[in-house]
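Below is one structure, written out as C-alpha cells; comments come after it.
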Amino acid sequence: MMTGIHNKMCWSRALHAGWLLLLVQFLCLEAVPISMDKTKVLEPEKKTEEAPASVDTGLHYDRYLREVIDFLEKDQHFREKLHNTDMEDIKLGKLAKELDFVSHHVRTKLDELKRQEVNRLRTLIKAKQDLEGGNDIAVDHQALLKQFEYLNHMNPHTFEVDDLDRLIKSATKDLENYDKERHEEFKKYEMTKEHDRQEHLKTLDEDERKKEEEHYEEMKKKHADHPKVNHPGSQNQLKEVWEEGDGLDPEDFDPKTFFNLHDSNGDGFFDEQELEALFTKELEKIYDPTNEEDDMVEMEEERLRMREHVMNEVDSNKDRLVSLEEFLVATKKKEFLEPDSWETLEQNQAYTDEEMKEFEDHLVQQEQDLYQKADDLQKQRDELERQQEQLNAQKVELQQAVEHMEKLKSQKVEPPPEIHGNAVPEMHEVDNQLHHEQGAHQVQEQEPEPQVQQHTPQEHHEHQDPAQQGLPQTHQDLPPGHQDAAHDQPNLP
C-alpha cells in the first residue's frame, strides 16, 4: 500500500523545459546510490544499445510522448541534430524541422503512433459522454479534439513537423505547471487525511476520543523529534553526502569533484532527479517507513520541496537544469556557506483554515449529490421492479391461456390411429351418423317446446277435421318416404 502511495506522489520528479531536457530525463536517467563510495567501486561496462526505463511524467499523453521520443532516437540523423542544437533553437521549433530528414521507417511508425493516439482520445471523449448520460447526443470529435494541443487534430493520419513542434511546446508548458499541480494534490491529500481523522473521532465516546487525541499529539511530537536538517544545497548538506555517501574526507570537499561524482549520466548537468538523490540523507533523519508517525507521502513532498528550492536558488537560466558553471557560482554565495535553517513540513502546514473549511463544504456538497443520485437510482430500480412484476403477470396469463387451448384440443374426438381397407366407408358412415345426431339434437334444443292447450268441449268441436282441410287422414295417404316417419309420431288426443 505504501508503495502505491509513493508511486502516486512521485510522477517523474525530474522534468525538463525542452526537447533535449526531456530526452535526457526520460532516456538517460539513472539514480545515484548515495550510500556507495564511488571512488572504490568499479564502473560497470556500459551497454550502449539498452536505454534506461523511461520515467512517467504524469502527463495524460505520457505514453505517446515517450514512444515518439524512442523512435526519433533510433534515427541517426535526428540524434546528431539533437545533440548539436542549442536549447533556445529547440524551444523555437528549429529541431522539429529536422523531421523532414528522418528515415521513412521512422516516419511510418510515427504516423501509426499518431493514429493510435487520436483513436485513444476519441475513445476517452466517448467514455466521458457516456458517463455524463449523453448517449443520444451526436459527438463533434473535431471540436473536442481542439483541447488537446499536443497534436494536430485536423490531420489525424500522419505525423508532421507541426505535430513534433506542438508536442515539444505542450510538454514544456505542462511540465512547467507540474510543480503547481503537485502542490495542490498534496494539499488535498493532507486535508483528506485530517477530515478522515475528525470523522473517526465523531464515532468514539468521550473517553476513547480523549485517548485518540493524546495518541495523535504524541505521534506529532515523536515525528518532530529528529536531528537537525541541513539547508538543501548548502555546504553542510553537500559535505554530509560527500562524507557519509561517498566515503570521502570532509576536509577534502571540492565542489567540482562533487558535481562530477553525482552527474550520473555525465551530461554536464544536474537534472531534477539527480538533485533529489542528494537529499536522501536529510530525509532519512525525518522519516522512517517503519515508524507509525512517519508518512512516506509527506517524505516525497519534502524531497520535492527541497529540489524546488535548490532549483530556484541555483538554476539561473530557468531551464530546469543545473550546469556545472551554475553550481560553482552557487557555492561561492553566502547562502551556500551560511544558510538559514530549513523548515520542514511539520513546521509549515500545507493548508489554511479557510482552505480546510472550503474543502469540508465541498465534501458535504459531494455527499448530498451522491445521496440524490442514490435516491434517483433507487426510484428507477423500484420502477423497473414494478414493470417486471407486470411482465411476469402477463406471462402467467399467457401461459394459462395456452394451457387452456391445449386442454380444449385434447377433448375433441379424434380418429383411431390406424385405418385399414374397408374400414374407411364404415368410418364415414359413423361420422355422418354422429353429425346427423348432433345436428338433430341441436335443432331440438333450439325449437321451443310445444305448449299443450286445454280446450273446452265447444272449442274442441269447433276444430276442423283433417279431412276438411284436405290433409291425408291415414298413413297410406302420405307420400312415399314419409310413412315411416309418420308411423313413429305419437297420436295426439
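The values are calculated or read from the model by the stated rules, or taken from the named source; none is laboratory data. This structure is a prediction, so every number in the text was calculated from the model and none was measured. Cβ sites come from the backbone with ideal geometry, for glycine too, and all protein chains shown count toward neighbours. Please note that ligands, DNA and RNA were not included when accessible areas were found on the heavy atoms of the full protein model with its side chains. Shrake-Rupley method; radii C 1.70, N 1.55, O 1.52, S 1.80 Å.
The set of residues in the stretch 88-102 being loosely packed, with under 14 Cβ neighbours inside 10 Å and either polar (S, T, N, Q) or in contact (Cβ under 8 Å) with a residue 24 or more places away in the chain (or both) consists of 97, 100, 101. In the stretch 113-127, of all residues being charged (D, E, K, R) and either open to solvent by 70 Å² or more (accessible area, probe 1.4 Å) or outside any helix (DSSP H, G or I) (or both), the one that is farthest from residue 74 (Cα to Cα) corresponds to 126. For the stretch 219-230, the criterion of being of a type in the set (S, T, N, Q) and either free of Cβ contacts under 8 Å to residues at least 24 places away in the same chain or open to solvent by 30 Å² or more (accessible area, probe 1.4 Å) (or both) is met by no residue.
Listed here are the residues, each with its yes/no results for (1) closer than 28 Å to residue 215 by Cα; (2) of a type in the set (Phe, Trp, Tyr).
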| site | (1), (2) |
| --- | --- |
| 279 | no, yes |
| 290 | yes, no |
| 299 | yes, no |
| 302 | yes, no |
| 330 | no, no |
| 375 | no, no |
| 384 | no, no |
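Reported count of residues in the stretch 218-262, each being in a loop (DSSP other than H, G, I, E, B) and within 19 Å of residue 303 (Cβ to Cβ), is 9. Residues in the stretch 242-260 that are more than 22 Å from residue 309 (Cβ to Cβ), of a type outside the set (Asp, Glu) and open to solvent by less than 50 Å² (accessible area, probe 1.4 Å): 247, 248, 250.
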